[in-house]
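The values are calculated or read from the model by the stated rules, or taken from the named source; none is laboratory data. The structure presented is a predicted model; accordingly, all values stated were derived computationally and were not measured. Cβ placement follows ideal geometry from the backbone for every residue including glycine, while neighbour counts extend to all protein chains displayed. The accessibility values were calculated without ligands, DNA or RNA, using every heavy atom of the protein model including side chains. Shrake-Rupley method; radii C 1.70, N 1.55, O 1.52, S 1.80 Å.
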Amino acid sequence: MDPELIKLASTAAGSLVGAMTTDSWGAVKKRFARILSRGHDQEAAETEHRLETTRGELEQASRSADPASYHELRDQTELALIRSLSGLAEADPDLARELIALVADLGDQQTAPALVVGRFENTYGPMIQASQVSNNTITTVMQAPQPFIVPGTPVPRIVPPGAAHYTNHEGLLAHLAAEVLRRENPARIVNLHGEGGIGKTSTAVELVDRVSDRFPDGELYADLRGSTGEGALHPASALARFLGILGVNPQFIPGDPQWLEDLFLSRTADLRLIVLLDDAGSAAQVGPLLTRSRGSLTIITSREPLRGLADRGAQFRQIPPLPDDEARRLLDAILETGERTAGAVDLGSVARGCSGLPLKLWVEGSRLAADRDSDHEGQPPSTETRTTGPMAVIPIPDQTDLLGGYDAIPASAARLHRLLAVHAWPSITPGVAMAAGGLTDEREAAAMLTQLHRVGLIESLPDGPTGDPRYRIHERVRRQSALRALADDGIEAVTAATRAIVARHRDFAIRADSAVMPKRWHLGVAYQRFERDAREGAPGASTYPSAAAALNALELARADLVEAVVQADQHCFYDLVWQLCEGMWALFFRLGHHEEWVRVHRLGVKSATELGDLRAQGRMHAQLAFGLIGQGRTAEAERELTKAREADREAGHERGQATAIESLGLIRLAQERFEEAADLFAEAKILATRVGDPRALALLEHHTGRALSGMGHYDDAKARLLRALDEMRKLPDPYNEARVLMSLGEAALRQGRPDEASDPLKQAAAIMNTQSALVQRAQVAVLRAACAQQTHDIEAERGFLVEAKGFLQQTGAPGYAAVAERLALLDNATGR
């Protein structure tokens, strides 16, 4: 159908609905009834009666307690009229000319302010509000977002390498591989279970290697740390990481655990993936991490069978101990006895003594290999005194001794291992080892870690972003070594090592945070020291080549940083707890992880309170509030911001107080409590002026303009927004410039002035396109659709809604449903 005819029909329908509340209704009704009935007198009378009935229904609905029902009926009436009138105009050119004459006679009735504002607020208001939902909701105004799916995201291959020598469980592996590849298999979920060190992870990794070619969309891996009790990984954290690896931009990864699960299900629905969930603690922990894709495979390892997964079609397979012959083959492979001998050692006895436990075989084989290699080089096994057997004094619940490697390394390396093993650190770097051992040279720490790896006491992990080696300690080995630490080193040494590790993580977080958000203000003394060193060019103040590199480093270390906060709290290192939280702001603000955000910041609030530091309390309450906002817990966030405001006011800290007040104002804006929002922004502006922050003042001018627009003070709102626009261009800040342009357009639409809204919205769209701001591109498209609705350009409205629908579909934002519903109404009206 000709778009001009649709626009004509839309304008005419709007004129008719607008006239229903005016004194001219009688004449308008008769003329429209004649057109709709094609001039037939009897049909015209019936049509006139139907129009009058519709008017009565609309009046009754307008007086009801549910205004939404009125606006829904009005929209349906208007759209039904558009469909009828456009069809008639297409079939009969004389009727089209009569419609044109009628619209011209009615003049501006169709743009009566009450009607237009009502249409905008009730038809498009909910869409705009819903389309603004993103990772950090209110804080979106302070960051420049990226596309939903990051371009060039590689196919994920993050399952760690398998054991260097895998010679066991061949029969089980062959059976499992055949089973999971059966085409008729309705749900590929395999639970490998068995005691610690039995080889569950190695078997799972080997299975991945054997079937990976049938799963072209990649492999995901998560260490759930279920056997470590309180250190278990929360499913929400694993989901957020998986979504990031699958290419979802961190800005669009929600904070609510249910939304995370829903987005993961949607993102993986059509993929053929392998998901390896290692060391699960319960069925509840892995449930949210299961895809519903029939083309995917999920492999789960656990100490006990997770029977709660039986209703999901899981297959349960116990990993048994190795028989003697397989144990001997594994030991031979570790020692490479095909080319080199193991000396006088009876390998058969060693293999039998390991009770079929691959972890024990690996530790013993590595120790024997280290001794043999030292002997071949003509050197004694160590230049230092070996550690000897306090095992006889310290009772070990697990009778399998996994610390035989201590006999093949220097005492200093063994001590380092014990101090690192006291807590279940997700990863260990040379820098962390240097801190734990009280060393002054990171190279010395790296050499010790190499020794520990050589004798099988630590496992290697993929290198860090700058090529730093990373390790971890197997949980069963760690528990034995931790007991030795208490006996051999004492509680003071253990406590000192823990504090040093936490401080190391704090300093790392501060360096990376400063690289990601260099203009952010700080409180902690560690920040002050870092900033001083950076000014003086001290070696320890080296930063990252880019903000992205720093953010990647923070994400890789996230589990260690969270564990550091937990351990600092348990050891009452309160000064370190809140400073660590402050240093994690960029990590959480940019990447979300709201469950962890809230959890660690509650400890941050506790620590600042224990210290009686009011400024720190204000900082922690404010940072916690934004984590709660990300979870949709606005009422709790408001309470935290109120506490932040009070603490900063008592401390005389105007910068912190201004931030808390501004954040409260943003919550009021989201709640459409515009007068309260404006008052809060005015209060924050007084404080920000004293501090002297141009960007903060420009943002407050923008927020104030939005509040005035919501109150209906259009001229004042426009003046404020234009001043904010000028300041944003001076800074310059393109992203916030586009946000102000959007607010200008929205303010004009609220007043029924689509001509004034069109140009700023067009400019905003162009800028947001260059910023790859997907959520904001959807918002602009919705606003431009509202603009087209007010000018009765139904084709343009539909085009913008299709554009918004595409963006919102990618993000999974709630605005998608409202846009899709409006599109369906338009398509029904135009007969598409």
Check: Which FRET efficiency value, to the nearest 0.05, do you get for D94 and W25 by plugging their Cβ-Cβ distance into 1/(1 + (r/R0)^6) with R0 = 25 Å?
Finding: 0.50
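Quick check: at a probe of 1.4 Å, how many percent of the accessible area of the stretch 267-318 sits on carbon and sulfur atoms? Don't skip to the answer; put the middle values down first.
Numbers: 920 of 2160 Å².
Its accessible area is 42 percent carbon and sulfur atoms.
At 10 °C and 1.306 mPa s, grab the translational diffusion coefficient of the stretch 565-647 from Stokes-Einstein with a Kirkwood Rh over Cα pairs, rounded to a whole number in µm² per second. Working shown, then result.
On the way: Rh = 12.2 Å.
So the translational diffusion coefficient is about 130 µm²/s.
Roughly how many percent of the accessible protein surface of the stretch 443-517 is carbon and sulfur, given a 1.4 Å probe and a whole-percent answer?
52
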Margin query: So with the 1.4 Å probe, I'd like the accessible area per residue for the stretch 513-633, rounded to whole Å².
Written below: 36
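Between Q315 and A817, how high is the FRET efficiency from 1/(1 + (r/R0)^6) when r is the Cβ-Cβ distance and R₀ = 30 Å? Nearest 0.05.
Details: r = 38 Å, r/R0 = 1.27.
The formula returns an efficiency of 0.20 here.
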Notebook entry, point to check: What figure in square angstrom, to the nearest 10, would you give for the accessible area of D209 with a 1.4 Å probe?
Noted result: 90
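Ordering T47, T770 by accessible area with a probe of 1.4 Å, largest first, what comes out? Intermediate results must be reported in sequence, preceding the final value.
Numbers: T47 10, T770 105 Å².
Ranking T47, T770 by accessible area, largest first, yields T770, T47.
Could you report the stretch 413-466's accessible area per residue, 1.4 Å probe, as an integer in Å²? It would help to have the intermediate numbers written out before the result.
Details: 2030 Å² over 54 residues.
Normalised by residue count, the accessible surface of the stretch 413-466 is 38 Å².
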Check: Quick one: how many Å² of E646 are accessible to a 1.4 Å probe, rounded to 10?
Finding: 100
Checklist line | Ranked by how many other beta carbons lie within 10 Å on average, peptides 269-278, 722-731 from highest | finding: 269-278, 722-731
Margin query: For a quick check: with amide H placed at 1.01 Å from N, whose amide H comes under 5 Å from N191's, ignoring anything fewer than 5 positions away on the same chain?
Written below: I300, Q315, F316, R317
Item checked: Residue-level accessible surface for S758, protein heavy atoms, 1.4 Å, Å² -> 60
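Of all accessible surface on the stretch 636-762 at a 1.4 Å probe, what whole percent is carbon and sulfur?
Values: 2360 of 5390 Å².
Heavy-atom surface of the stretch 636-762 belonging to carbon and sulfur, 1.4 Å probe: 44 percent.
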Notebook entry, point to check: Cross-link partners among lysines for K200, C-alpha distance below 30 Å, same-chain residues fewer than 8 apart left out?
Noted result: K360
